[in-house]
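First up is the structure itself, then whatever we jot down about it.
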Amino acid sequence: MKDTAENKTKKELKRSEFYRKLGPLLALIVLIILVTVMNPSFITPTNLLNLLRQASVNALIAFGMTFVIITGGIDLSVGSILALSGALTAGLIAEGLPPIVGIIGGLFFGGIMGLFNGFLVTKGRVAPFIATLATMTIYRGLTLIYTGGNPITGFGGGYLFQFVGRGYLFGIPFPVIIMFLAFALLYCLLHKMTFGRKTLSVGGNEDASFIAGIKTDRIKMAVYSISGVLSAVAGLILASRLNSAQPTAGTTYELDAIAAVVIGGTSLSGGKGRLFGTFVGALIMGTLNNGLNLLGVSSFYQQVVQGIVIIIAVLIDRKGN
């Protein structure tokens, strides 16, 4: 009887792991088939490239959010970092500095903002939700102060800056290439390197990790910095694509990022996470938005659908735990 019970438990665990790993991919395939049946123009190469380009911004933010959530934290300020980084980059270029200086400056400020989040969480001992909720407001306020509440336009930026958001390489939009490069780099960092193992360990049991000699505060500050830099990259792409820095850019992007991470199988409790799952989760959110647009669904109803998807993902996460 004991062996039978153990075998049954092992089978349930294997089944649970199977659905955790392949469930998001199966959901994406089913979603693609459904949307294609309802509107065949969805599957055209032009639309698929457009989908990937639109999804690239959310995917980059979600990649950073994955690291943060794996440590048991959360970052609600990513949308505000995106807006402030984009505005600072545009401002630097508008002041006459070379575009490369503006781009590096924007990424640097994004990393600093993420580092400040990590400082509040680790040294200030502020709960991640409260800390990043506060900085979300601060960064958005600073964006409005810096821009005066108006978009920064007409700053040019030259070919390099325009290429970041609007360029093509081998027929593929450059933001999509940035997304795949970031995925490859971060995948190695999380799943193939010591830093990734330490990140998973901190999220699984922070006290035990500290006793084992892992500098838990450094790991947490590093992951928030990564999230800040990736949000800044997303801000650069958006500012380049629109040829303007909008003070309201990135609003609600944190929700899309969290949804993509949870849909992809990363546990909100920390300690478990897969970057490939987040990538698939971002594609699911992108397919959902693109498909609903093609079907002519009102943006009001789209928000309702997105909310339902997030609830389902959280319920699945709780059941899995």
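Does THR135 qualify as being crowded, with 16+ Cβ neighbours inside 10 Å, under 23 Å from the mean Cα position of the chain (by Cα) and either within 19 Å of SER231 (Cα to Cα) or touching a residue at least 40 places away in the same chain (Cβ under 8 Å) (or both)?
yes
Among the residues that make up segment 145-154, is at least one of them among the aromatic types (Phe, Trp, Tyr) and at pLDDT below 95?
Scanning segment 145-154 turns up at least one residue that is among the aromatic types (Phe, Trp, Tyr) and at pLDDT below 95.
Does ILE284 meet the test of being in a helix (DSSP H, G or I), without any contact (Cβ under 8 Å) to a residue 24 or more places away in the chain and not small (Gly, Ala, Ser)?
No; evaluated as a whole, the condition is false for this residue.
Return only the number of the condition from (1) at pLDDT below 95; (2) touching a helix residue (DSSP H, G or I) at 6+ places or on another chain (Cβ under 8 Å) that ILE178 does not satisfy.
(1)
Just to be sure before I move on: is LEU107 assigned to a helix (DSSP H, G or I) and either open to solvent by 10 Å² or more (accessible area, probe 1.4 Å) or among the hydrophobic types (A, V, I, L, M, F, W, C) (or both) in the structure I sent?
When the stated conditions are applied, LEU107 passes them.
Determine if segment 52-67 includes at least one residue that is over 20 Å from ILE258 (Cβ atoms) and not β-branched (Val, Ile, Thr).
Checking segment 52-67: at least one residue is over 20 Å from ILE258 (Cβ atoms) and not β-branched (Val, Ile, Thr).
Looking at the structure I just gave you, is ALA239 within 18 Å of the chain's Cα centre (by Cα) and modelled with pLDDT of 95 or more?
The answer is no for ALA239.
So for segment 270-277 (the condition being closer than 28 Å to ILE104 by Cα and either open to solvent by less than 30 Å² (accessible area, probe 1.4 Å) or out of contact with any Cys (no Cβ under 9 Å at 6 or more places or on another chain) (or both)), does at least one residue qualify?
So far as segment 270-277 goes, yes, one or more of its residues are closer than 28 Å to ILE104 by Cα and either open to solvent by less than 30 Å² (accessible area, probe 1.4 Å) or out of contact with any Cys (no Cβ under 9 Å at 6 or more places or on another chain) (or both).
Every residue, every condition in (1) over 28 Å from SER201 (Cα atoms); (2) open to solvent by less than 20 Å² (accessible area, probe 1.4 Å), yes or no:
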site	(1), (2)
THR36	yes, no
ASN39	yes, no
ILE69	no, yes
GLY72	no, no
LEU84	yes, yes
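For segment 138-189: of the residues being in contact with a strand residue (DSSP E or B) (Cβ under 6 Å, 6 or more places away or on another chain) and more than 30 Å from PHE67 (Cα to Cα), which is surrounded by the fewest Cβ atoms within 10 Å (Cβ to Cβ)?
Filtering first and then ranking leaves THR153.
May I ask you to verify whether TYR146 is touching a Gly at 6+ places or on another chain (Cβ under 9 Å), of a type in the set (Ser, Thr, Tyr), touching a residue at least 60 places away in the same chain (Cβ under 8 Å) and farther than 26 Å from GLY281 by Cβ?
yes
In this structure, is VAL314 at pLDDT 85 or above, part of a helix (DSSP H, G or I) and surrounded by fewer than 16 Cβ atoms within 10 Å (Cβ to Cβ)?
So VAL314 does not fit the description; no.
If you check GLY250, GLY270, which single one turns out to be in contact (Cβ under 8 Å) with a residue 60 or more places away in the chain, part of a loop (DSSP other than H, G, I, E, B) and touching an Asp or Glu at 6+ places or on another chain (Cβ under 9 Å)?
None of the others qualify; the one that does is GLY270.
Can you tell me which residues in segment 44-97 are assigned to a loop (DSSP other than H, G, I, E, B) and without any contact (Cβ under 8 Å) to a residue 60 or more places away in the chain?
Once the filter is applied, which keeps residues that are assigned to a loop (DSSP other than H, G, I, E, B) and without any contact (Cβ under 8 Å) to a residue 60 or more places away in the chain, segment 44-97 yields THR44, GLU95, GLY96, LEU97.
Out of GLY102, GLY118, which single residue is farther than 20 Å from GLY148 by Cα, open to solvent by less than 20 Å² (accessible area, probe 1.4 Å), among the small types (Gly, Ala, Ser) and over 15 Å from the mean Cα position of the chain (by Cα)?
Testing whether each residue is farther than 20 Å from GLY148 by Cα, open to solvent by less than 20 Å² (accessible area, probe 1.4 Å), among the small types (Gly, Ala, Ser) and over 15 Å from the mean Cα position of the chain (by Cα) leaves just GLY118.
For segment 204-213, check the following and say yes or no: at least one residue is under 22 Å from the mean Cα position of the chain (by Cα), over 23 Å from MET113 (Cβ atoms) and open to solvent by less than 20 Å² (accessible area, probe 1.4 Å).
Checked segment 204-213: no residue is under 22 Å from the mean Cα position of the chain (by Cα), over 23 Å from MET113 (Cβ atoms) and open to solvent by less than 20 Å² (accessible area, probe 1.4 Å).
The values are calculated or read from the model by the stated rules, or taken from the named source; none is laboratory data. Only a predicted model underlies this, so the values are computations on that prediction, with no experimental measurement involved. Cβ atoms come from the backbone with ideal geometry, glycine included; neighbour counts cover every protein chain shown. Surface areas here come from the heavy atoms of the whole protein model, side chains and all, with no ligands, DNA or RNA. Shrake-Rupley method; radii C 1.70, N 1.55, O 1.52, S 1.80 Å.
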